[in-house]
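Asker: Dumping the structure here so I can ask a few things about it.
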Amino acid sequence: FDTKFLIAIILILALYHFIKKSEKDALFSIITISFGASAVFLIKELIQRARPLNMLTNETGFAFPSGHATMPLIFFGIIVFLIFKNRKSQALKQTLLIGSILAVLIIGLSRLILNAHWLTDILGGFALGIFILTIGILLRKN
């Protein structure tokens, strides 16, 4: 769930929405994920918090906020929003929502297990993701 991978998937999703003549959904997806990636980068550069020692993964760059916490939250949030908006099946909506929440939590937990982030990096990433996703949804609804 690397940022570049998620941006690529969102671009494919946006292309699908452009083809289906749903330009607002396409732009919502592109702008929200791009704003998230930009915000993570800028905040990391401003805060410049060091990562924990003895990481079990080869990570470079700063720790706060966790992009691996922020970006999947935004990504899955976009998917859940679009499905809730466009589909009627309650079973699909509930399954997608529960699966998305679990995926985001597991990704955040994995960053702690790998010792790539402090707990506050993950919580900050989640908070940033919720903030950006909320702003995106509010702007999309208007």
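Asker: Quick check: at a probe of 1.4 Å, how many percent of the accessible area of the chain sits on carbon and sulfur atoms? If you can, show how the numbers build up before the last one.
Answerer: Details: 5990 of 8290 Å².
Answer for the chain is 72 percent, counting heavy atoms of protein chains only.
Asker: Mean-square fluctuation check for the chain, GNM, Cα pairs under 10 Å: which of THR120, THR70, THR57 is largest?
Answerer: Checking each option, the largest mean-square fluctuation is seen for THR57.
Asker: Follow-up. Using only DSSP helix segments of four residues or longer, with each worth -39500 (n - 2.57), what per-residue ellipticity at 222 nm results for the chain after dividing by its residue count and rounding to 500?
Answerer: On the way: 5 runs with 109 residues, N = 142.
After summing the helix terms and dividing by the residues of the chain, the value is -26500 deg cm²/dmol.
Asker: Counting alpha carbon pairs within less than 8 Å and at least 6 residues apart, what relative contact order, in whole percent, applies to segment 11-121? Could the numbers behind the result be given before it?
Answerer: Numbers: 101 pairs, mean separation 32.9, N = 111.
Relative contact order of segment 11-121: 30 percent.
Asker: Given the pairs LYS44/LYS141; LYS85/LYS141; LYS21/LYS93; LYS20/LYS85; LYS24/LYS85; LYS4/LYS24, which are separated by over 19 angstrom at their Cα positions?
Answerer: Details: LYS44/LYS141 30 Å; LYS85/LYS141 10 Å; LYS21/LYS93 23 Å; LYS20/LYS85 15 Å; LYS24/LYS85 12 Å; LYS4/LYS24 22 Å.
Over 19 Å apart, Cα to Cα: LYS44/LYS141; LYS21/LYS93; LYS4/LYS24.
Asker: Sorting check: for 104-116, 30-42, which peptide has the highest mean count of neighbouring beta carbons within 10 Å, and how do the rest follow? Intermediate values should be presented prior to the final figure.
Answerer: Numbers: 104-116: 17.1, 30-42: 18.6.
The densest-packed peptide leads the list: 30-42, 104-116.
The values are calculated or read from the model by the stated rules, or taken from the named source; none is laboratory data. Bear in mind the structure is a predicted one, so any value in this text is a computation, not a measurement. Virtual Cβ from ideal backbone geometry, glycine too; neighbours counted across all protein chains shown. We work out accessible area using only protein heavy atoms, side chains counted, and drop any ligands, DNA or RNA first. Shrake-Rupley method; radii C 1.70, N 1.55, O 1.52, S 1.80 Å.
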